[in-house]
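A short worksheet on the structure shown next.
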Amino acid sequence: MPMLADPSLKYLPYPAVPFPPDYVRKWPTQRTTTAPRWLSTDLRDGNQALVNPMSNATKLELFRTLVKIGFKEIEVAYPSASEQEYQFCRSIIENGEVPDDVALQIITPARPDLIERSIKALAGCKRAIIHLYNAVSPVFREVVFRNTKEQTMDLTLNAVRLVKKLTEEEFARSGTHYTLLYCLETFSQTEAEFTVELGNRVFDEWGKATPEDPILYNLAATVECGPSNHYADMVEYFSNNIKNRDSVVLSIHPHNDRGTAVAAAELGLLAGGDRIEGCLLGNGERTGNVDLISLALNMYSQGVSPNL
């Protein structure tokens, strides 16, 4: 089938981010002078990208390598997806594989039946991060879930409420300190105003973020469907408008559908991002995550130590 002579009949360009009139973007004049917080998601996203997924023995070998490289935050599993994933979390905790200065992260959808098991998977480690996600863009709201914005908000806040309750109970039992990472799945395809509204409501519902113990937001370019400058605009808008910015960490999670995940990550950091999520060689979900080695060496070549 031939390509369309007029692709605008099928595809729409990305919408402008609603900055105030005469707003001057900050990110084009910024420079990266310090390393971000790094999150390796090789053991989760990278494993999903393989034809033959890693066994838990192989995952343990890679986990030890990530620790040696210097990652202090590692996403290790999707515990509610399978017994194997759950048991990997339990084994590295119970066998003393996790250094005290390394936080383990797991991912769970905003579904009550899966949240409880996901939280239990990390019980007993010193520092845990609960990566809670749900898709919030118009196509998911209207076509997949058939939810209104208000229903999407209710679903999200109910999930945050449950995570807060269960993590506080688990802290009392095991002493594990849990941090919330809320992922606005399909962030880069969602109305900028709605991302901020949702983020601020999550902040209030969590209710205990401080500069010393911030809440994290994953700003996911779940499908990279616009140029890197648009992603940077989205990040800067969110950074400008989220409340209590000193108690918030913005976690940059680019995908590589357009082949520009590294560029999007670099511009996302300039736009207010504090943390990068990706895989060592970009070998992650579908078309790939950001390539952490390329990104780190790009910093290194500019005289900025990535601290890895």
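Values in this text are rule-based calculations from the coordinates and carry no lab data. These numbers were taken from a predicted model, which means no experiment stands behind them. FYI the Cβ positions are ideal-geometry reconstructions off the backbone, even for glycines, and counts take in every protein chain you see.
For the reader, a short list of remarks on this structure follows.
- Structural size metrics of region 150-280, computed from C-alpha coordinates, are Rg and Dmax of 15.0, 47 Å.
- Using a cutoff of 8 angstrom between alpha carbon atoms and counting only pairs six or more residues apart, the relative contact order for the chain works out to 20 percent.
- Given Lys126/Lys149; Lys72/Lys120; Lys68/Lys126, the pairs whose alpha carbons are separated by over 27 Å: Lys126/Lys149
- Region 129-143-region 67-128 distance, computed between alpha-carbon centres (Å): 22
- Each Cα pair under 8 Å and six or more residues apart adds its separation to the average, and for region 163-308 the resulting relative contact order is 19 percent.
- Taken over region 41-141, the alpha-carbon convex hull comes to 110 cubic angstrom per residue.
- Distance between the C-alpha centres of region 1-48 and region 189-229: 15 Å, rounded to the whole angstrom.
- Considering only Tyr11, Tyr86, Tyr217, the Gaussian network model of the chain with Cα springs below 10 Å gives its largest mean-square fluctuation to Tyr11.
- Positive end of the dipole of region 55-101 (Cβ unit charges, origin at the Cα centre): among Val76, Ile92, Ala57, the Cα lying farthest that way belongs to Ala57.
- Cα extents of region 146-210 along the three principal axes, largest first (Å): 40, 24, 18
- Note on the chain: with a GNM built from Cα contacts shorter than 10 Å, the maximum mean-square fluctuation among Asn95, Asn240, Asn256 falls on Asn95.
- P(r) histogram, all alpha-carbon pairs of the chain included - 10 Å bins from 0, percent: 6, 27, 36, 23, 6, 1, 0
- Taking amide H as placed 1.01 Å from N in the peptide plane, Asn134 has its amide H under 5 Å from the amide H of Cys183, Glu185, each at least 5 places away in sequence or on another chain.
- Here the scattering of region 7-59 is modelled by Debye summation over its C-alpha atoms, one equal scatterer each and no solvent; at q = 0.24, 0.25 Å⁻¹ the log10 of I(q)/I(0) is -0.94, -0.98.
- Mean residue ellipticity, 222 nm, helices only, the chain: the sum of -39500 (n - 2.57) across DSSP H runs of n ≥ 4, divided by residue count and rounded to 500, is -11500 deg cm²/dmol.
- Distant-in-sequence amide H partners of His255 (H built 1.01 Å from N, under 5 Å): Ala221, Glu224
- Partners of Lys208 within straight-line reach, counting lysines whose Cα lies under 16 Å from its Cα and excluding those fewer than 8 residues away in the same chain: Lys164, Lys165, Lys243.
- Whole-Å semi-axes of the ellipsoid equivalent to region 90-198 (Cα gyration tensor, √5λ, descending): 30, 13, 11
- Region 26-174: relative contact order as a whole-number percent, Cα under 8 Å and 6+ apart: 18
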